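Remarks on the structure that follows.
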Amino acid sequence: MAPSVRVSLLRCGKCGKPFNPFGTHVCNGRRKGRTTLKPAVAITSPCPSCGKQRSNPLTHTCTGGTDFKTRQRRAKSKEARDRKRAQAAERRRAAAEKRKAAAAAKRKPAARAARPTHDYRTCTDGTCHRYACLAWKEAWQEGRTSGLDDGYDIGFEAGIKACPLEHI
């Protein structure tokens with residue numbers, strides 16, 4: 001856009017606007033003053049940054065536009081994209097659960113749980129009829145009985161000899 005040039009020689013003393021004495025001028029100023037003879041030249045050209053008209057490049061304040069609407073559009077599209085992704089993930093999760101449920105229905109029922117371990121050496125149940133428990137208890141009792149009989153005779157004599165006290 002080419003710069004435009006305005007030239008005026010007379011200015012109104014009340015409002016300061018350029019005026020033509022041969023035309024009509026409606027003054028909106030309230031101050032007192034007289035019309036002065038001052039040549040004024042105004043060159044208006046568009047600002048290369050913001051595109052607004054400026055009369056004085058030294059006093060022009062560039063007010064660039066913001067990118068708010070662009071950011072708002074991007075945020076809306078990102079939100080829509082995230083929502084679609086979440087919906088797709090939910091559909092995939094539901095389909096996977098459905099497949100798992102169908103596979104579980106086809107499977108055989110689970111085997112019976114194994115019996116808890118039963119250690120025959122620590123069994124204290126007097127009515128336990130397991131073979132290992134019966135054999136262990138019988139052998140234990142037999143060993144204890146024969147061990148006590150033999151051990152008492154040998155152990156008592158050896159204990160009396162080793163004791164420093166007097167025994168009757």
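Bear in mind these aren't lab numbers, they're just calculated from the coordinates by the rules spelled out. Predicted model, so just to flag it, every value in this text is computed and none were measured. Every residue, glycine as well, gets a Cβ built from its backbone with ideal geometry; the counts of neighbours run over all protein chains shown.
Of note:
- Kirkwood hydrodynamic radius (C-alpha pairs) into Stokes-Einstein, segment 66-105, 25 °C and 0.890 mPa s, D in µm²/s: 200
- Nearest 10 degrees, 0 to 90: helix 131-162 Cα axis against the chain principal axis: 70
- Remark on residue 52: its backbone amide H falls under 5 Å from those of 47, a criterion applied only to residues 5 or more positions apart or on other chains, H modelled at 1.01 Å from N.
- Taking a straight Cα-Cα cut-off under 22 Å and skipping sequence neighbours fewer than 8 places away in the same chain, the lysines within cross-link reach of residue 106 are 98.
- Remark: the chain carries a charge dipole of roughly 4380 debye about the Cα centre, counting +1 on each Lys and Arg Cβ and -1 on each Asp and Glu Cβ.
- Calculated from the structure at hand, mean projected area of the Cα convex hull in nm² is found among (1) 18.4; (2) 11.6; (3) 41.5 as (3).
- Exposed loop sites, defined as chymotrypsin sites (Phe, Trp or Tyr not before Pro) outside DSSP H, G, I, E and B with at most 15 other Cβ atoms within 10 Å, are absent from the longest region of the chain, namely 23-119.
- Against the rule of thumb 2.2 N^0.38 Å, how large the Cα Rg of segment 49-147 comes out: 3.28
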